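S.K.: Pasting a structure here, questions to come.
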Amino acid sequence: MNPHGEIPVRTEQDVVLARQAVRQAAVACGLRLVDQTKLVTAASELARNAVVYGGGGTMSWHVVRDGMRAGIHLEFVDQGPGIADIAQALTDGWTSGTGMGLGLSGCSPGQGLGAIRRQAQVFDVWSDAGGAVVLAWIYPERSRDEDLDYGALRVPLGRETVCGDAWFLGRDGARVVVALVDGLGHGVQAGEAAAAGIEAVAEAPEPGALLLLHSDGLQSRWNLARYEGLAFRHPALVLVVLLRDFDRGRDDTGAIAVRLGGRA
């Protein structure tokens with residue numbers, strides 16, 4: 001089973017395929033049945049709402065291993081009008097049919113964004129004119145209290161199944177080591193990017209500072225100041241939004257974002 005992948009979600013058949021894909025990933029990484037059920041429920045609910053309310057979109061999944069623990073990261077990006085009121089969309093029992101997310105808590109009793117947020121260890125939502133982005137990470141129940149304040153991406157080019165970029169995150173008490181390697185990068189620009197990353201890591205961070213490293217699969221002209229409030233959201237959500245808007249489309253993409261020095 002591929003530890004990461006992406007599929008379109010545009011039809012009810014795609015919803016079925018999304019559910020099957022994450023179930024296979026959950027079984028492959030050894031999640032217990034109760035955690036498999038949470039994962040499949042979240043994938044099914046989010047995929048169906050992307051189809052019904054968001055005009056279709058994509059689902060990405062990543063199997064992440066940390067020692068003996070394994071979890072699965074789900075990311076949904078739709079093409080709809082966005083979510084007018086995220087807080088309201090998270091309310092259990094509330095429903096509307098005007099946009100993706102505007103019925104997510106009322107699709108069926110106990111389902112929707114509100115229920116998924118309670119089941120996921122990490123959950124975040126972003127909405128703007130480009131559509132909605134929903135992030136849900138499912139880990140074993142026994143590891144729910146562990147800190148996961150980072151985001152990372154490995155996206156192979158086109159039909160390739162292996163990404164030439166790789167990332168590393170290590171923690172030792174207050175010390176954090178972050179590395180991103182672009183297997184295809186070389187020359188002056190690669191050296192400048194590596195030097196900038198090392199300099200950023202070496203600096204004493206302000207509380208809540210966001211360190212973001214990426215390969216050249218992502219365009220460098222992004223500016224978080226153009227996304228009001230996005231810099232303070234979960235690092236993984238930041239990466240998905242930037243990939244949506246600045247994917248170069250002709251190379252593998254690797255990225256990692258870490259909240260340094262504690263939360264803002």
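S.K.: Would a scan of segment 97-114 turn up a residue that is within 27 Å of Leu212 (Cα to Cα) and at pLDDT below 85?
M.R.: Looking for residues that are within 27 Å of Leu212 (Cα to Cα) and at pLDDT below 85, one finds none in segment 97-114, hence no.
S.K.: Looking only at residues that are assigned to a loop (DSSP other than H, G, I, E, B) and at pLDDT 85 or above in segment 122-179, which one is surrounded by the most Cβ atoms within 10 Å (Cβ to Cβ)?
M.R.: Gly130
S.K.: Next question. Would you mind stating whether Thr41 is over 25 Å from Arg65 (Cα atoms) and either hydrophobic (A, V, I, L, M, F, W, C) or in contact (Cβ under 8 Å) with a residue 40 or more places away in the chain (or both)?
M.R.: no
S.K.: Which residue pairs have Cβ atoms closer than 7 Å, lie 6 or more positions apart in sequence or on different chains, and pair a first residue in segment 75-88 that is in contact (Cβ under 8 Å) with a residue 24 or more places away in the chain with a second residue that is acidic (Asp, Glu) and not in a loop (DSSP other than H, G, I, E, B)?
M.R.: Within 7 Å, the pairs are Gly82/Asp128.
S.K.: Moving on to the next point. From Ala42, Ala26, Ala84, Ala50, grab the single residue that is at pLDDT 85 or above and more than 16 Å from the chain's Cα centre (by Cα).
M.R.: Ala26
The values are calculated or read from the model by the stated rules, or taken from the named source; none is laboratory data. Source: prediction; values computed, not measured. When we count neighbours, we look across all protein chains shown, and the Cβ atoms used for this are built from the backbone with ideal geometry, even at glycine.
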